[in-house]
Amino acid sequence: MKSVAALLLVGMLILWTDLPTGSTWSCPPVHITCAMHNPPNKCFLDRQCPPYKKCCKGFCGRRCISRPPSIPISYV
């Protein structure tokens, strides 16, 4: 019985570490990257960003970005 409880606890801890931080959107694709060998990174994990921001790969390194608008904005 103790081994079942321990196994359940380990499984819950593994799932807890993989849970998202409340953001359900994904990072936008990056089509162009800079030529720096080791670009500066402002973050490595979503937890290092302010609330409602996500750590994403950008043009030159990783940085915290806000969620893109759900409705495309047109400037006509």
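So here's what we get for this one:
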{"quantity": "Local net charge near residue 67, Cβ-Cβ under 10 Å (Lys/Arg +1, Asp/Glu -1)", "calculated": "+2"}
{"quantity": "Solvent-accessible ranking of 54, 2, largest area first, probe 1.4 Å", "calculated": "2, 54"}
{"quantity": "Contour excess over end-to-end distance, with Cα ends at residue 24 and residue 59 and 0.36 nm allotted per residue", "calculated": "10.4 nm"}
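The values are calculated or read from the model by the stated rules, or taken from the named source; none is laboratory data. For clarity, every value in this text was computed on a predicted model and none was experimentally measured. With ideal geometry, Cβ positions are generated from the backbone for all residues, glycine too; neighbour counts draw on all protein chains shown. Heads up: the accessible areas ignore ligands, DNA and RNA and are worked out on the full protein's heavy atoms, side chains in. Shrake-Rupley method; radii C 1.70, N 1.55, O 1.52, S 1.80 Å.
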